[in-house]
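Some notes on the structure that comes next.
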Amino acid sequence: MRRSREQWGEIVGEFERRGLSHEAFCAQQRLNLGSFRGWLYRLRNGSKGGKVARSATRLLPVRVVPPGTTGDEDLIEVAVAGIVVRVRSGVGPAYVAELVARLRDRC
């Protein structure tokens, strides 16, 4: 089934609200994983032509702390530009990305 850019925008919005993995969300919604990921990255990076330049993709360092070492076993730690954010594993990735971006802008 072919979907419009607007339909994919709604699908990506729903994905970001739920905070599931790509695989789990696509299985629930019966979406092709490759198509979903392609649209996810296009829409997140604001690409209108359909292809995203390689320079638009940035990898961020992530440190996974073994359970039991922090006293709180559900925490994920994200460090960006000297800022360390600890969040519970169920928090949506869009929220964490916005939080880090806003903190980085103020520091």
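The values are calculated or read from the model by the stated rules, or taken from the named source; none is laboratory data. No experiment lies behind these values; they were computed from the predicted model shown. Methodologically, a virtual Cβ is constructed for each residue, glycine included, from the backbone with ideal geometry; neighbour enumeration extends over all protein chains shown.
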#### Entry: Every residue from region 1-24 that is surrounded by 12 or more Cβ atoms within 10 Å (Cβ to Cβ), under 10 Å from the mean Cα position of the chain (by Cα) and either in a loop (DSSP other than H, G, I, E, B) or among the basic types (Lys, Arg) (or both)
Gly19, Leu20
### Among (1) at pLDDT below 80; (2) surrounded by 14 or more Cβ atoms within 10 Å (Cβ to Cβ); (3) not hydroxyl-bearing (Ser, Thr, Tyr), the one test that Cys107 misses
(2)
